[in-house]
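Notes follow the structure.
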Amino acid sequence: MAMDDLIAGLPGYAKDLKLNYSSLVRQNGELTPQQLWGTVVCAAIATRSADLTAAAIEDASAVLTPDALDAAKAAAAIMGMNNIYYRFHHLTTNEKYATLPARLRMNVLRGHTVDPVDFELWCLVVSAVNACEKCVDSHEKVLREKGATEELINAAVRVTSIIHAIGVVVDSEKAVPSAVAV
């Protein structure tokens, strides 16, 4: 199922999501196509909605090169790991953990084949979905050091918020369809 089909199937109460998807994804002028569709893929994967992830990857495959699609998936994967590890650090009051080495392989952070700004942007949006303060802060700073503007970063986070909300609606409707009397 393509994204447009998924969006068209959203219930009436999600009208704002449909409108926001239209203005932020279909008519996006703030992000490059690679930044936009990598963000959509990363946000969908981080949302953990199987239907949304499948639709996002299907549509992104028409825009992204195979390397860029692979890099977006890699960003979602590595940040899925890192966000747990570093979120634990900022949730615990025991300062000892911050002094211990992570000892987690993170080679993809430097071994990807896409523009470094795009990869950092995708790492940031996954970290936003996963609510990892340390990772959000770190990737936002790196992005600005690499020349990304706050407007660019904000545009990606706005897209991410819509994709995440769509995933929540898709999965909740699948769990309890609104056509079923409760």
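Nothing in this text is a laboratory measurement; each read-out follows from the coordinates by a stated rule. All values derive from a computational prediction rather than experimental measurement. Positions of Cβ are generated from backbone atoms using ideal geometry, with glycine treated the same way; all protein chains shown enter the neighbour counts.
Given R₀ = 45 Å, FRET efficiency for Ala102-Glu150 by Cβ-Cβ distance, to 0.05?
Details: r = 29 Å, r/R0 = 0.64.
FRET efficiency, Ala102 to Glu150: 0.95.
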Exercise. Taking a cut-off of 17 Å between Cα atoms, list the aspartates and glutamates near Lys15, but don't count ones fewer than 8 places away on the same chain.
Key: Asp4, Asp5, Asp171, Glu173
Self-check item: Theoretical gain in end-to-end length, Ser22 to Thr65 [0.36 nm per residue, Cα-Cα removed]
Solution: 13.2 nm
Quiz item: Along the charge dipole of the range 3-175, Cβ charges K/R +1 and D/E -1, which of Val114, Gln34, Ala46 sits furthest on the positive end?
Solution: Ala46
Quiz item: Per the helix-only calculation at 222 nm, which mean residue ellipticity applies to the chain, given -39500 (n - 2.57) for every DSSP H run of n ≥ 4 and division by its residues, nearest 500 deg cm²/dmol?
Solution: -21500 deg cm²/dmol
Quiz item: Taking the Cα centre of the chain as origin and charging only Cβ (+1 Lys, Arg; -1 Asp, Glu), how large is the dipole, in debye to the nearest 20?
Solution: 560
Quiz prompt | GNM top mover of Asp171, Asp67, Asp118 - the chain, alpha-carbon springs below 10 Å | solution = Asp67
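Would you work out if the range 3-175 is rounded, prolate or oblate? Take a ≥ b ≥ c from the square roots of the eigenvalues of the alpha-carbon gyration tensor; rounded if a/c is under 1.5, else prolate when a/b is larger than b/c, oblate otherwise.
Details: a/c = 1.84, a/b = 1.46, b/c = 1.26.
Verdict is prolate for the range 3-175.
Quick check on the exposure proxy: order His112, His139 from fewest to most C-beta atoms within 10 angstrom.
Working: His112 20, His139 25.
Placing the least packed residue first, the sequence is His112, His139.
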Quiz item: Per the chain: cysteines with no other Cys C-beta under 4.7 angstrom?
Solution: Cys42, Cys123
Quiz prompt | Sorted by Cβ density within 10 Å, fewest first, the residues Tyr85, Tyr13 | solution = Tyr13, Tyr85
